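In what follows, a single structure is set out as structure tokens and then discussed.
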Amino acid sequence: MLVLGVESSCDETSVAILRDGKEVLSNVINSQIKIHEKFGGVVPEVASRNHVYQVSLVFKQAFEEANVKPEDIDLVCVTMGPGLIGSLLVGVNAAKTFALMYKKPIIGVHHLAGHIYANAIENEMKFPLVALLVSGGNTELIYMKDHFSFEIVGETLDDAVGEAYDKVARVVGLPYPGGPAVDKLAHQGHDVYNLPRVYLNDGSYNFSFSGLKSAVINLVHNNNQRGVETNKEDLCASFQASVSEVLVNKTFDLAKQMGVKNIVVAGGVSANKGLKERFNAQNDGTYNICIPSIKYCTDNAAMIAAAGYYQNKYLKRDFDLSLNAYASLDLEDFSTK
Ligand code: KG4
């Protein structure tokens, strides 16, 4: 089965073609990072305009690289939300146009299901599992008893992890997106700044990162006022240690409580080396921990095609050209139960 995936929820225009949800024939990604870098973050209107410039070129390149014809596609899958509405609409309309022209079935895919199913490309997803989803807009702990069964057990009460990384990077003077830059510096420093570990201690699996972010900002401002130099490497190492410790401990706690042996990590922040290292260091061999390769961690259409392949198999829905884009979208609405 040849599946076409289309992703445009933020600042990446991406089109992929996958065979049977696994074999990636092409995964073309046009990133706008260079365009948004000077603004220190994604400017929604600029992002949607660039998707319009890029989308047909990315479609063309995806078909050339996969060496297949549009007529060969069996199913079209497109991110329908959540995300920036102007950006989403470009991908949704391009995918619908393709489906209409070539008379192909089309389904809308939830962006977070895409991140989770990035793990199905290189590995076999084994159930039940606990998914830690960490991206620029989301931080969630999800229990999946089977394919396309999503139960959100915990989520952030304020900032998403990626957002906290990006804000900390800005304070430290690192370029956008901050995650990779903070991750790199963290490996050159030590956890000496004694930053808070926020566990909430309310028996929930929720997260909060705004206090940690404020602690970093206050530390830098206080040091500036006193003329004390802040060691960037140590600050990044301290921030990363605090974030990864809480994420990893809460994930293991949930897995233990649910009696689950399989853990998948997903979303842009799953590219974080510190997070991977801590998961591996704290795994006593009990858990099967799956983290995608970096190319499938951040936004890409291969993960949307993979998720769409399984969605089509397990969550029977009508193919419908009235498909629309939604800035907010509930993952549990895409669940079989
Ligand atoms: O999943 P993604 O590409 O887009 C969203 O759907 O949000 O995630 C982007 C986020 C950004 O906040 C970026 O700083 C973060 O992922 N990120 C990282 C790393 N690589 C990307 N955060 C920490 N460490 C990294 N290595």
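The values are calculated or read from the model by the stated rules, or taken from the named source; none is laboratory data. What you are looking at is a predicted structure, and each value in this text was computed from that prediction instead of being measured. Virtual Cβ from ideal backbone geometry, glycine too; neighbours counted across all protein chains shown. Just so you know, the surface numbers come from the protein's heavy atoms only, side chains and all, with ligands and any DNA or RNA stripped out. Shrake-Rupley method; radii C 1.70, N 1.55, O 1.52, S 1.80 Å.
For region 250-337, relative contact order (Cα pairs under 8 Å, six or more residues apart, normalised by length) works out to 26 percent.
Percent of accessible area on the chain owned by carbon and sulfur, 1.4 Å probe?
The computed percentage sits at 50.
With viscosity 1.306 mPa s and temperature 10 °C, the Kirkwood radius over alpha carbon pairs of region 126-291 converts through Stokes-Einstein to a diffusion coefficient of 98 µm²/s. Of the beta bridges in the chain, as assigned by DSSP with both residues counted there, near 55 percent are antiparallel. Counting only DSSP beta bridges with both residues in region 126-291, the antiparallel share comes to about 55 percent. Counting Lys and Arg as +1 and Asp and Glu as -1, what is the net charge of the other residues whose Cβ lies under 13 Å from the Cβ of residue 33? It works out to a net charge of -3. Between region 130-201 and region 266-306, what's the alpha-carbon centroid distance in Å? Computed from Cα coordinates, the inter-centre distance equals 13 Å. The C-alpha atoms of the chain occupy a region whose extents along the principal axes are 66, 46, 30 Å, arranged from largest to smallest. The mean accessible area for residues of the chain, using a 1.4 Å probe and ignoring ligands and nucleic acids, is 42 Å² per residue.
With a 10 Å cut-off between alpha carbons and a GNM built on the chain, which of 22, 69, 103 moves the most? Result for the chain, Cα springs under 10 Å: 69 fluctuates most.
Pairs exceeding 29 Å between alpha-carbon atoms, taken from 34/126; 96/295; 167/295; 256/316; 69/96; 96/184: 34/126; 256/316; 96/184.
So what's the back-of-envelope 222 nm ellipticity for the chain, counting only DSSP H runs of four-plus at -39500 (n - 2.57) apiece and dividing by all residues, rounded to 500? Mean residue ellipticity, 222 nm, calculated: -14000 deg cm²/dmol. Rounded to the nearest 0.05, the FRET efficiency derived from the C-beta distance between residue 187 and residue 103 at R0 = 35 Å is 0.10.
For region 126-291, relative contact order (Cα pairs under 8 Å, six or more residues apart, normalised by length) works out to 28 percent. Computed from the Cβ-Cβ distance with R0 of 30 Å, the FRET efficiency linking residue 249 to residue 145 stands at 0.85.
For the residues 226, 197, 278, a GNM of the chain with alpha-carbon springs under 10 Å puts the largest fluctuation on 226. At each listed q (0.15, 0.22 Å⁻¹), what is the log10 of I(q)/I(0) that the Debye formula gives for region 59-176 modelled as equal alpha-carbon point scatterers? Taken in order of the listed q values, log10 I(q)/I(0) reads -0.91, -1.23.
Ellipsoid fit via the Cα gyration tensor, region 13-72: semi-axes of 27, 12, 8 Å, each the root of five times an eigenvalue, largest first. Electrostatic tally near residue 190: other residues with Cβ closer than 14 Å to its Cβ, Lys and Arg +1, Asp and Glu -1, net -2.
Return the Rg/Rh value of region 235-311, two decimal places, where both radii are evaluated on C-alpha atoms and Rh is the Kirkwood radius.
That ratio equals 1.01.
Taking Cβ atoms as reference points and 10 Å as the exclusive limit, the residues near residue 135 contribute a net charge of -3, counting Lys and Arg as +1 and Asp and Glu as -1. Remark: relative contact order (the chain) = 26 percent; criterion is Cα-Cα distance under 8 angstrom and separation of 6 or more residues.
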